[in-house]
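Any read-out appearing in this document is the output of simple, stated calculations on the displayed coordinates, not a laboratory observation. Keep in mind the model is a prediction, meaning the values are calculated, not measured. When we count neighbours, we look across all protein chains shown, and the Cβ atoms used for this are built from the backbone with ideal geometry, even at glycine.
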Amino acid sequence: MAQRKDARHLRLGVNIDHVATIRNARGGRHPDPLRAAHLAIAAGADGITAHLREDRRHISDEDIARLKGELTRPLNFEMAATQEMLGIALRHVPHACCLVPEKREERTTEGGLDVVGGHNHLAPFVQRLQGAGIRVSLFIEPESAAIDASVKLGADIVELHTGLYCEKALENDAPSVAVQIRRLETAARAAAAAGLEVHAGHGLTFNTVGAVARISEVVELNIGHFLIGEAIFGGLQPAIMHMRALMDQARSVDRLTA
Ligand code: PXP
């Protein structure tokens with residue numbers, strides 16, 4: 001069967017936070033996250049993601065200013081819903097803001113936003129950001145209640161948390177992996193049907209990206225830690241090019257069997 005052309009290219013957002021983690025381990029300016037961002041784009045990234053944490057453990061305020069000033073592709077600014085971060089977002093006006101939960105003691109973003117219980121807190125952030133022309137994404141668990149709440153909040157995008165799926169894949173727990181993929185598929189379908197743009201990410205690797213890339217409602221993946229780790233062994237550009245190829249391959253296999 002001939003391969004049908006799909007206008008909906010699966011975008012890759014490369015998260016460069018951990019280039020900054022390595023830089024900050026010694027202070028100074030090396031390795032430079034902006035240089036990584038330029039290389040990522042040259043290797044096929046469609047956008048760059050950076051998370052400015054309250055404790056500034058990796059990305060700095062200056063990194064955000066430089067990224068916004070120099071990037072040739074969209075900047076997806078990950079932030080907690082705080083007044084400080086809102087002020088920074090409104091000053092730089094990135095292409096998109098992804099609202100994420102943030103706890104000081106966590107090593108990475110654990111779990112999705114509480115969009116159900118947090119409606120009243122989150123609603124003004126969504127409105128202020130959108131009022132400035134910024135697209136708003138909510139990082140949520142792949143659950144119907146979270147999707148309904150994201151619709152109520154008027155978000156443009158939901159980013160589905162793939163962490164649990166990746167955790168089960170790491171444990172080689174095949175039945176649980178299948179459950180988590182079904183959960184992501186169901187959520188992606190429901191979110192798209194409700195008019196939300198669907199992204200996904202967290203913990204994705206060469207081994208786990210394919211099953212998520214095959215979900216046709218997903219239009220963007222955001223991937224960071226694994227790519228920066230792989231860059232140690234084979235270089236950043238080859239790692240991104242290989243990830244890009246795996247994503248494209250998953251989509252084309254899906255089209256062939258559709
Ligand atoms: N998406 C969101 C909302 C995140 O918070 C993160 C981690 O910063 C990622 C994607 C990327 O996750 P990872 O670094 O594990 O690829």
Quiz prompt | Simple Cβ-charge dipole of the chain, Lys/Arg +1 and Asp/Glu -1, about Cα centre, in debye nearest 20 | solution = 660
Quiz item: What is the calculated FRET efficiency for residue 182 to residue 121, with r their C-beta to C-beta distance and R₀ = 22 Å, to the nearest 0.05?
Solution: 0.10
Quiz prompt | Listed residue (122, 166, 202) projecting farthest to the positive dipole end of region 117-258, Cβ model | solution = 122
Quiz item: Under a 5 Å amide H to amide H cut-off, with H placed in plane at 1.01 Å, what residues pair with residue 81 once short-range neighbours are removed?
Solution: 100
Quiz prompt | Partners for residue 168 among aspartates and glutamates (Cα-Cα distance below 20 Å; same-chain residues under 8 apart left out) | solution = 106, 110, 141, 143, 159, 185
Self-check item: Burial ranking of peptide ranges 44-52, 74-82 (average Cβ count within 10 Å, highest at the top)
Solution: 44-52, 74-82
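Hydropathy at least -1.0 by Kyte-Doolittle, axial extent at least 27 angstrom from the Cα trace: which helices of the chain, defined as entire DSSP H runs, fit?
On the way: long enough: 174-193 (28 Å, 0.37); 236-257 (32 Å, -0.12).
Result, helices passing both filters: 174-193, 236-257.
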Quiz item: Can you give the percent of C-alpha pairs in the chain whose distance is more than 22 Å?
Solution: 54
Quiz prompt | In nm, spacing of pseudo-spin labels at residue 42 and residue 151 (7 Å Cα→C-beta vector) | solution = 4.5
Exercise. Calculate, in nm to one decimal, what residue 194 and residue 66 gain on full extension: separation in residues at 0.36 nm each, minus their alpha carbon distance.
Key: 42.5 nm
Quiz item: Leaving out same-chain residues fewer than 8 places away, which aspartates and glutamates sit with a Cα under 18 Å from that of residue 68?
Solution: 17, 32, 46, 78, 84
Practice problem: Mind giving me the nanometre distance, one decimal, between the label points for residue 84 and residue 132, set 7 Å out from Cα along Cα→Cβ? | Solution: 1.6
Exercise. Select from region 146-229 those GluC sites (Glu not before Pro) which occupy a DSSP coil region and have at most 10 other Cβ atoms within 10 Å, ordered by residue number.
Key: 171
Quiz item: What FRET efficiency do you get for residue 171 and residue 24 if R0 is 30 Å and r is their Cβ-Cβ distance, rounded to the nearest 0.05?
Solution: 0.45
Self-check item: P(r) tail fraction, region 57-164 - alpha-carbon pairs more than 18 Å apart, %
Solution: 47
